[in-house]
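Undergrad: There's a structure below that I have some questions on.
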Amino acid sequence: MVNMYQEGFNIDSRLLKLAQDVEITNKGIMDGFEQTEEYNQLKIIKAMQEHKLSEAHFHGTTGYGYGDIGREVIDSIYAQVMGAEDALVRVQFVSGTHALNVALWSVLRPGDTLLAVTGKPYDTLEEAIGITGGGHGALSDFGINYREISLLDDGSVDYDSLKKTLEREEIKAALIQRSKGYGWRPSLDIEGIKKLIGFIKGFNSKTICIVDNCYGEFVEMNEPAEAGADLIVGSLIKNPGGGLAPTGAYIAGAKELVELASYRLTSPGVGKECGATLGVNRNILMGLFFAPHVVSQSLKAAVFCAALMEKLGCKVSPKPEEKRTDIIQAVKFESSEPLIAFCQGIQKGAAVDSHVIPQPWDMPGYGSQVIMAAGTFIQGASIEMSADAPIRPPYIVYLQGGLTYTHAKLSILTAVQELINRKLLNIE
Ligand SMILES: *Cc1c(COP(=O)(O)O)cnc(C)c1O
């Protein structure tokens with residue numbers, strides 16, 4: 001085994017020893033994810049059984065996609081698994097950002113106010129809301145107001161400011177982001193989401209609470225819809241796609257709101273009735289079936305990374321022993337040089353495109369340059385082992401995913417080895 005790492009992947013023997021220590025020390029934490037995996041796996045199988053999932057559902061439609069029984073059963077299974085009344089799971093969503101946009105557009109009308117409760121939303125939503133840019137059909141161009149409650153210094157929700165805003169203004173929709181995204185803050189767990197939604201609804205029960213659930217699915221035993229969210233949104237090339245869904249996203253929640261979302265995605269009057277599935281139903285369903293296991297493998301890898309990098313002197317969030325509600329592991333570096341080296345090293349451990357050297361680039365939708373290591377079977381799928389970092393201080397890399405723990409571990413080792421090779425890190 002040691003030879004395989006050393007000769008096959010040029011991993012230093014001292015680094016291997018360190019990795020072994022990290023695995024032994026953190027075994028309890030790493031094995032701890034299996035209980036949630038077991039629970040969520042059972043939840044998914046139960047939903048599949050109750051909706052009588054069968055071979056006939058795996059065949060796709062073309063053209064308009066009328067009468068696609070596979071698409072319909074996927075919506076029903078997702079709704080049940082997410083603890084929601086209904087769901088809209090579609091390959092016609094090009095990304096999570098697209099689905100989040102559809103969710104916002106489906107409930108907000110001119111004159112309404114959107115309130116971001118967990119600080120600035122994910123980078124790709126800034127232009128869509130009109131926080132930056134605008135003029136290209138952003139929400140702000142249509143007279144939709146935007147307010148934001150910044151997080152407190154420790155990364156928690158600023159309940160005092162929130163209270164003042166809710167007393168002063170009528171809020172049509174509140175946007176809550178579960179995962180840290182590109183931020184150095186603790187992610188918001190289901191308990192925290194429940195408390196937050198309860199607080200908002202206490203001022204106005206009609207405020208629509210939308211949760212960006214990206215990277216959060218199946219990390220806990222419940223999903224935000226069960227914590228009171230009216231709409232939840234996520235990407236199929238992250239957790240719930242289990243690495244097998246080729247593209248797409250989902251919106252789940254209250255029946256009438258999911259219906260509004262379906263009108264926004266397709267057309268009023270058409271809604272959920274159209275949307276060819278082109279033969280991907282089997283992958284979406286198999287991916288969902290695998291998702292709790294893949295998520296659990298990713299979490300194990302995240303803990304391995306956190307413990308190893310902490311041992312090597314980096315600040316990490318969350319720490320190995322901290323409770324997790326998403327699959328993201330943030331690691332802070334002193335400058336852009338080790339940050340870039342780390343991402344390039346992650347790519348070196350990939351099964352796909354390991355010979356490619358990722359570079360920072362102006363990714364559409366992002367405010368600063370971003371480097372993304374994603375040697376993935378599905379382009380850009382971040383449920384697969386991937387690491388990305390906006391090139392701006394504080395220099396933080398966000399690592400997530402791993403279809404198998406072994407692969408994620410290898411990539412983390414090739415990343416650290418890259419730092420050693422470039423003399424950016426000393427492991428003596
Ligand atoms: C990934 C992600 C999104 C959506 O990103 P896409 O790349 O467009 O799928 C939104 N919010 C958060 C927190 C995310 O992690």
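Undergrad: For the stretch 1-106, just say rounded, prolate or oblate: build the C-alpha gyration tensor, square-root its eigenvalues into a ≥ b ≥ c, call rounded for a/c under 1.5, and beyond that prolate if a/b exceeds b/c, oblate if not.
TA: Because a/c hits 1.5 or more and a/b exceeds b/c, the stretch 1-106 counts as prolate.
Undergrad: Moving on. If I fit a long axis through the Cα atoms of helix 13-25 and take the longest principal axis of the Cα atoms of the chain, what angle between them do I get, 0 to 90°, rounded to 10?
TA: In the chain, helix 13-25 runs at an angle near 50 degrees to the longest axis.
Undergrad: Determine ³J(HN,Hα), in whole Hz, for all residues of the stretch 282-290 in sequence, where each value follows from phi through the Karplus function 6.51 cos²θ - 1.76 cosθ + 1.60 and θ = phi - 60°; x replaces Gly and Pro.
TA: Karplus values, whole Hz, x for Gly and Pro: 4, 5, 5, 6, 5, x, 4, 4, 7.
Undergrad: Against the longest principal axis of the chain, how steep is helix 96-107, in degrees 0 to 90 to the nearest 10, with axes from Cα atoms?
TA: 20 degrees
Undergrad: I've got another one for you. With the cut-off at 1.5 for a/c, could you classify the stretch 204-309 from its C-alpha gyration tensor as rounded, prolate or oblate?
TA: oblate
Undergrad: Hey, another quick one. Using alpha carbon centroids, what distance separates the stretch 232-265 and the stretch 365-421, in Å?
TA: 24 Å
Undergrad: Further question on the same structure: Restrict the search to the stretch 1-98; then list the chymotrypsin sites (Phe, Trp or Tyr not before Pro) that DSSP places in a loop and that have at most 13 other Cβ atoms within 10 Å of their Cβ.
TA: TYR64, TYR66
Undergrad: Right, another one. For the chain, what are the per-bin percents of Cα-Cα distances with bins 10 Å wide, up to the bin holding the maximum?
TA: 5, 22, 31, 26, 13, 3, 0
Undergrad: Okay, next question. Exactly which chymotrypsin sites (Phe, Trp or Tyr not before Pro) in the stretch 313-385 are in a DSSP loop and have at most 15 other Cβ atoms within 10 Å?
TA: Those satisfying the criteria are PHE377.
Undergrad: Just grab the label-to-label distance for GLU50 and SER335, each label 7 Å out from Cα along the Cβ direction, in nm (one decimal).
TA: 5.7 nm
Undergrad: Relative to the first principal axis of the alpha-carbon coordinates of the chain, what is the inclination of helix 190-203, with its axis defined by its Cα atoms, in degrees from 0 to 90 and to the nearest 10?
TA: Helix 190-203 sits at roughly 30 degrees to that axis.
Undergrad: Charges only on Cβ, +1 for Lys and Arg, -1 for Asp and Glu: so what's the dipole of the stretch 333-409 about the Cα centre, in debye to the nearest 20?
TA: 140 debye
Undergrad: Work through the residues other than GLU169 whose Cβ is under 14 Å from its Cβ and net out their charges, Lys, Arg +1 and Asp, Glu -1.
TA: Local net charge: +2.
Undergrad: Separate question: Quickly estimate the mean residue ellipticity at 222 nm for the chain, helices only: each DSSP H run with n ≥ 4 gives -39500 (n - 2.57), and the total goes over all residues, rounded to 500.
TA: Computed mean residue ellipticity for the chain: -12000 deg cm²/dmol.
Undergrad: Once R0 is set to 22 Å, what does the formula 1/(1 + (r/R0)^6) return for the Cβ-Cβ distance between GLN6 and ALA351, expressed as a FRET efficiency to the nearest 0.05?
TA: My answer for the efficiency is 0.70.
Undergrad: Right, another one. If you take the square roots of the eigenvalues of the alpha-carbon gyration tensor of the stretch 292-428 and sort them as a ≥ b ≥ c, do you get rounded (a/c under 1.5), prolate (a/b over b/c) or oblate?
TA: Because its axes are fairly even, with a/c under 1.5, the stretch 292-428 counts as rounded.
Undergrad: Using a basic spin-label model with each label point 7 Å from the Cα along Cα→Cβ, how many nm lie between LYS27 and ARG392?
TA: Computed distance between label sites LYS27 and ARG392 equals 4.4 nm.
Undergrad: How big is the dipole moment of the chain about its Cα centre under a simple scheme where the beta carbon of each Lys and Arg is +1, that of each Asp and Glu is -1, and everything else is neutral? Debye, nearest 20, please.
TA: 200 debye
Undergrad: Now for a different question. In percent, what relative contact order does the chain have, based on Cα pairs under 8 Å that are 6 or more apart in sequence?
TA: Answer for the chain is 18 percent.
Undergrad: Also, quick follow-up: Please go through the stretch 113-190 and write out the chymotrypsin sites (Phe, Trp or Tyr not before Pro) that DSSP classes as loop and that have at most 15 other C-beta atoms within 10 Å.
TA: Passing both the DSSP loop test and the Cβ count: TRP184.
Undergrad: Rounded to whole Å and sorted largest first, what semi-axes of the equivalent ellipsoid does the C-alpha gyration tensor of the stretch 1-42 yield via the square root of 5 times each eigenvalue?
TA: In descending order, the three semi-axes are 30, 13, 6 Å.
Undergrad: At 0.36 nm per residue, and after removing the present C-alpha to C-alpha distance, how many nm does the segment from LYS194 to LEU42 gain when stretched out fully?
TA: Length difference between fully extended and current span is 52.4 nm.
Undergrad: At a Förster distance of 41 Å, what's the computed FRET efficiency of SER368 paired with HIS59, Cβ-Cβ distance as r, to 0.05?
TA: So, using R0 = 41 Å, E works out to roughly 0.40.
FYI, it's all coordinate maths here, none of it is from the lab. Because the structure is predicted, anything quoted here is derived from the model rather than measured. FYI the Cβ positions are ideal-geometry reconstructions off the backbone, even for glycines, and counts take in every protein chain you see.
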